[in-house]
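Everything below concerns the one structure shown next.
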Amino acid sequence: MTGETQTVSPKAAGAKQYIRPVPANWWLKRKTYFLFMVRELTCLAVGGYAVLLLVMAGCARDEQAFHAFFQWLESPFSIALHLISLPMVVYHSITWFNLTPKAMVVWRGEERVSPVLIAGSNYVAWLIVSFLIAWFFLGAA
Amino acid sequence: MADETITLEVFRYRPDEESEPRYQRYEVPYREDWVVLDALNHIKDQLDGTLTFRWSCRMGVCGSCGMMVNGDPKLTCAAFLRDYYPEPIRVEPLNYFPVICDLVINMEDFLHKLGEVNAWLVPQQEKPVSDGEYLQTPAELAHYKQFSMCINCMLCYAACPVYGHHPEFIGPAAIALAQRYNLDSRDGAAEDRAEAIFSHEGIWQCTFVGDCTRVCPKDVDPAGAIQQAKVTHTTQWWKSVLMPWGNK
């Protein structure tokens with residue numbers, strides 16, 4: 001029979017421990033944290049575009065409403081909103097595609113398919129889908 | 001050259017003598033080939049024997065000497081003084097863990113989490129020793145090898161703000177190790193690990209800050225392991241919804 005090792009945890013032994021609080025500005029302490037917060041913030045623009053598309057779809061059956069919506073799109077406020085939102089959505093998309101190799105792992109025997117190839121194929125798919133959507137809508141217009 | 005020095009600002013917490021931590025400055029000789037751990041050992045041996053810290057192998061294998069060096073989680077055996085000289089170096093215990101004494105943190109929580117995710121190999125079928133080894137092809141080994149390089153140094157936890165805000169989060173290393181065994185062709189306990197790692201406190205609490213991967217001294221890529229586990233869980237969920245008659 002072998003002897004059992006007894007471990008006593010510092011907490012159970014009644015040792016005093018110091019717990020350091022996480023400061024509210026933790027995300028300013030490191031560049032990677034800051035860029036993460038920027039990425040999170042850009043979700044708002046992505047959500048904004050989703051709402052915009054829903055509103056546009058909602059107006060689609062009513063010619064007058066659709067026309068009014070397009071007029072609003074041409075307003076200075078709307079253009080300013082797009083000037084802010086577009087770079088945010090582009091940043092969000094780029095960071096998203098750059099992270100895809102982390103989640104998508106493809107093996108070719110013992111070799112892992114290059115992360116550049118995984119991200120690159122996502123970019124190509126993005127361009128093709130964007131082109132098709134633009135072609136569909138611009139063609140229809 | 002020989003009398004050049006560098007300043008170390010070291011976090012001190014001596015629970016029996018003071019209720020709040022403080023920083024103590026030490027002047028240590030500057031040597032190009034010294035790492036922060038060498039400087040700490042110089043302090044311990046020559047200047048102040050009361051300074052307490054963990055270390056063992058001095059070669060980036062044991063994972064004992066992880067500390068915050070100028071706010072970044074590092075193995076102090078791999079953090080060269082020359083990369084900071086002539087500025088002072090601030091040395092603190094790993095972030096987000098309770099401090100027991102000076103630079104020593106309480107790692108109980110991490111050890112408990114390793115147990116929660118069954119971070120060990122459970123063979124699909126136990127066989128007697130006389131039947132020989134559990135064989136594996138090089139391709140099968142490649143699938144999990146990166147995650148098996150983890151040395152349990154906990155730098156990834158000290159880099160993870162999610163763990164800092166939600167200590168119940170199972171965390172990067174424990175999930176990477178769970179993934180390491182789930183991907184091992186010899187293992188058969190993925191279902192036993194599922195409850196812990198596919199829970200909210202598991203992979204779904206991760207917001208993909210990604211700093212765990214940046215600080216990992218062994219290039220384990222815990223952030224990748226977590227995202228891959230998310231894909232696995234999502235695929236399983238869709239399969240169970242679309243094909244409820246299927247096994248998985």
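Observations on the model:
Each row is one residue, and each column tells you yes or no for (1) at negative phi; (2) part of a loop (DSSP other than H, G, I, E, B); (3) touching a Ser or Thr at 6+ places or on another chain (Cβ under 8 Å); (4) surrounded by 16 or more Cβ atoms within 10 Å (Cβ to Cβ).
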position: A:Leu99; (1), (2), (3), (4): yes, no, no, yes
position: A:Val105; (1), (2), (3), (4): yes, yes, no, yes
position: A:Leu127; (1), (2), (3), (4): yes, no, no, no
position: A:Phe131; (1), (2), (3), (4): yes, no, no, no
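- Meets criteria (assigned to a helix (DSSP H, G or I), modelled with pLDDT of 95 or more and within 30 Å of B:Val99 (Cα to Cα)) for B:Cys212: yes
- The numbered conditions (1) in contact with a helix residue (DSSP H, G or I) (Cβ under 6 Å, 6 or more places away or on another chain); (2) assigned to a loop (DSSP other than H, G, I, E, B) are all true for B:Glu201 except (1).
- Failed item, numbered, when B:Tyr134 is tested on (1) touching a Lys or Arg at 6+ places or on another chain (Cβ under 6 Å); (2) assigned by TED's automatic domain parsing to the domain that holds B:Leu37: (2)
- In the set A:Ser85, A:Ser121, only one residue is in a helix (DSSP H, G or I), within 30 Å of B:Glu140 (Cβ to Cβ) and either at pLDDT below 90 or of a type in the set (Ser, Thr, Tyr) (or both); that residue is A:Ser121.
- Check on B:Thr5, within 25 Å of B:Cys150 (Cα to Cα), among the hydroxyl-bearing types (Ser, Thr, Tyr) and either touching a residue at least 24 places away in the same chain (Cβ under 8 Å) or in contact with a Cys (Cβ under 7 Å, 6 or more places away or on another chain) (or both): no
- Only listed residue being more than 26 Å from the chain's Cα centre (by Cα) and away from chain B (no Cβ under 14 Å), chosen from A:Phe136, A:Phe70: A:Phe70
- Taken over region B:26-58, the criterion of being over 25 Å from the mean Cα position of the chain (by Cα), among the hydrophobic types (A, V, I, L, M, F, W, C) and surrounded by fewer than 18 Cβ atoms within 10 Å (Cβ to Cβ) is satisfied by B:Leu47 alone.
- Scan of region B:218-246 for residues that are surrounded by fewer than 23 Cβ atoms within 10 Å (Cβ to Cβ) and aliphatic (A, V, I, L, M), ordered by number: B:Val231, B:Val241, B:Leu242, B:Met243
- Residue list for region B:175-217, restricted to those being surrounded by fewer than 18 Cβ atoms within 10 Å (Cβ to Cβ) and within 14 Å of the chain's Cα centre (by Cα): B:Arg214
- Single residue of B:Val61, B:Val10 found to be in contact (Cβ under 8 Å) with a residue 60 or more places away in the chain, under 17 Å from the mean Cα position of the chain (by Cα) and away from chain A (no Cβ under 14 Å): B:Val61
- Restricting region B:18-51 to residues that are among the charged types (D, E, K, R) and within 14 Å of chain A (Cβ to nearest Cβ), the residue that is nearest to B:Glu4 (Cα to Cα) is B:Arg22.
- Looking across B:Val104, B:Val129, one residue alone is in contact with a Pro (Cβ under 8 Å, 6 or more places away or on another chain) and free of Cβ contacts under 8 Å to residues at least 60 places away in the same chain. It is B:Val104.
The values are calculated or read from the model by the stated rules, or taken from the named source; none is laboratory data. This one's a predicted model, so the numbers in the text were calculated from it and none came from an experiment. Cβ: placed from backbone, ideal geometry, glycine included. Neighbour counts: every protein chain shown.
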